[in-house]
Amino acid sequence: MNDSRAAVLDRVRAALGRKPGQQPPPLPPALFSERNLTTPERVELFVQQFEKLNGKPVRVRSRSDAAAAVRDLMNGQIAVASNAPSLSECGITDLAGVQHGFTSRDDLRAACTTAAFGITSATYALADTGSFVMLAGREEARLISLLPPVHIGVIPASGILASLDELFMRVPKPADRTSSMVLITGPSRTADIEQILVRGVHGPGEIYAVIVEEGEQ
């Protein structure tokens, strides 16, 4: 180590009250703040924030209503659905025009390149930012939420969390559950070229949230 670098490090240590060779103290525990919101309040906040991002929320009272809402959005077009059990429980995978059950990545990619809609569940959503939280896995392939021009995310109202802090209280170690945790906040958009906002360049240009409020008070 040269003299100038050693001198700089000595000054840093002195400012921190440490001596050469002394180990730094352990990091303090992470501090999370939790907003005490009821489920209806979380839904309302999510809807407000989602709409600010040009997302389109659809609130339904039951799982069967969720399937009907998705059918209306598709309007006879082709969709690819993930293998999430909640989609089959809602009857979405039984809708005409919905392709699902893919186990081959190549077959899934081919289907996604021609489908008008990608339909997924969302493990969680964040009320304060209007974001979907996607945990990638065999049941939830990332490609479905990225490649088709329109993304429909289906989530129960109980899965809407107040904030990112609450997410990390629920999932403190995402890598233990998934190879990829992705937060989707509104349609894809960029202003890289001449500061002109363009949607749909890096992913879906349109996004819907179908919120199932069944059993919520």
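The values are calculated or read from the model by the stated rules, or taken from the named source; none is laboratory data. These numbers come from a predicted model, not from an experiment. Here the Cβ is made from the backbone with ideal geometry for all residues, glycine too, and neighbour counts use every protein chain on show. Remember, those area values only see protein heavy atoms, side chains included, never the ligands or the DNA or RNA. Shrake-Rupley method; radii C 1.70, N 1.55, O 1.52, S 1.80 Å.
For the reader, a short list of remarks on this structure follows.
- Site pair ARG5 and SER179 shows an inter-label distance of 3.8 nm when each label is modelled 7 Å from Cα along Cα→Cβ.
- Each of ILE155, LEU27, LEU95 was placed along the dipole of the chain (beta-carbon charges, centred on the mean Cα), and the one lying farthest toward the positive end is LEU27.
- Per-residue HN-Hα couplings for the range 36-50 [Karplus 6.51, -1.76, 1.60; θ = phi - 60°; Hz; x = Gly/Pro]: 8, 10, 6, 4, x, 5, 5, 4, 4, 5, 4, 4, 4, 5, 5
- Additional length obtainable on full extension of the chain from ARG35 to LYS52, 0.36 nm per residue less Cα span: 4.0 nm
- Close amide H pairs (under 5 Å, H built 1.01 Å from N) link GLN99 with ALA79, VAL80, ALA81, residues at least 5 positions away or on another chain.
- Relative contact order of the chain: 25 percent, from C-alpha pairs under 8 Å at least 6 residues apart in sequence.
- Here's the list of aspartates and glutamates a cross-link from LYS52 could span, going by alpha-carbon distance under 12 Å and ignoring same-chain residues fewer than 8 apart: ASP128.
- VAL154 sits with roughly 10 Å² accessible to a 1.4 Å probe, with DNA, RNA and ligands left out of the calculation.
- Table column - 3J(HN,Hα) (Hz), the range 68-73, Karplus curve with 6.51, -1.76, 1.60, x for Gly and Pro: 5, 5, 5, 4, 5, 5
- Remark on VAL171: its backbone amide H falls under 5 Å from none of the residues 5 or more positions apart or on other chains, H modelled at 1.01 Å from N.
- Ranking THR129, GLY205, ILE144 by how far each Cα lies toward the positive end of the dipole of the range 34-212 (charges on Cβ) leaves ILE144 at the top.
- Separation of the range 114-176 and the range 1-27, taken as the distance between their Cα centroids, equals 44 angstrom.
- Gyration tensor (alpha-carbon) shape descriptor, the range 34-212, a/c threshold 1.5: rounded
- The slack between PHE168 and ARG13, meaning 0.36 nm per residue of separation minus the straight C-alpha distance, is 52.5 nm.
- For the listed peptides 11-20, 68-77, a ranking on the average number of other beta carbons within 10 Å per residue, highest first, reads 68-77, 11-20.
- Using θ = phi - 60° and Karplus 6.51 cos²θ - 1.76 cosθ + 1.60, couplings along the range 164-174 (whole Hz; Gly, Pro as x): 5, 4, 5, 4, 6, 6, 7, 10, x, 10, x
- Using heavy atoms of the protein chains and a probe of 1.4 Å, the accessible area assigned to LEU37 is about 40 Å².
- Per-residue SASA remark: SER62, around 20 Å² accessible (1.4 Å probe; ligands, DNA and RNA not included).
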